[in-house]
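First the structure, in the form of structure tokens, and then the observations on it.
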Amino acid sequence: IPQIARYMDMGEIAACIAPRKLLIVNGEDDPIFLADGTRTVYKTIQAIYEQEGKPNYCNLIIIPNVPHRFQPEVAWPALEEMRKR
């Protein structure tokens, strides 16, 4: 959606999938998606999931000492755990 950032922030956009399951994995040292910003956005997402009655359907994992890259050793087990919920 062109210029969506004028109307919604990242937390609101990400929460649009609620109440479907959502896993966010972020490196603590990610220079693109800063960990503090991700934590802030996650609070918005978490509040929306709580309103939907599915607080366990979203999860945030911040991996220490990791830059911007996919972390399969963390992501796949976490996804499998969420699938069981």
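The values are calculated or read from the model by the stated rules, or taken from the named source; none is laboratory data. All values reported here derive from a predicted model rather than from experimental measurement. Neighbour counts run over all protein chains shown; Cβ positions are idealised from the backbone, glycine included.
For VAL41, the test of being closer than 25 Å to ARG85 by Cβ, aliphatic (A, V, I, L, M), in contact with a strand residue (DSSP E or B) (Cβ under 7 Å, 6 or more places away or on another chain) and at pLDDT 90 or above is failed. When region 1-27 is examined, which residues are found to be more than 17 Å from THR40 (Cα to Cα) and either surrounded by 10 or more Cβ atoms within 10 Å (Cβ to Cβ) or basic (Lys, Arg) (or both)? Of everything in region 1-27, those that are more than 17 Å from THR40 (Cα to Cα) and either surrounded by 10 or more Cβ atoms within 10 Å (Cβ to Cβ) or basic (Lys, Arg) (or both) turn out to be ILE4, ARG6, ILE17, ALA18, PRO19, ARG20, LYS21.
In region 47-74, which residue that is touching a Leu at 6+ places or on another chain (Cβ under 9 Å) and either closer than 14 Å to CYS16 by Cα or not aliphatic (A, V, I, L, M) (or both) is surrounded by the fewest Cβ atoms within 10 Å (Cβ to Cβ)?
Quick first cut of region 47-74, residues touching a Leu at 6+ places or on another chain (Cβ under 9 Å) only: 49, 57-61.
Of the ones still in play, those that are also either closer than 14 Å to CYS16 by Cα or not aliphatic (A, V, I, L, M) (or both) are 49, 57-59.
Values: TYR49: 22, TYR57: 18, CYS58: 24, ASN59: 20.
Top of the filtered list is TYR57.
Among the conditions (1) closer than 23 Å to GLU12 by Cα; (2) in a helix (DSSP H, G or I); (3) out of contact with any helix residue (DSSP H, G or I) (no Cβ under 7 Å at 6 or more places or on another chain); (4) free of Cβ contacts under 8 Å to residues at least 40 places away in the same chain, the only one that ALA75 does not satisfy is (4). When THR44 is tested against the conditions (1) in contact (Cβ under 8 Å) with a residue 24 or more places away in the chain; (2) exposed (fewer than 13 other Cβ atoms within 10 Å of the Cβ); (3) polar (S, T, N, Q), the lone failure is (2).
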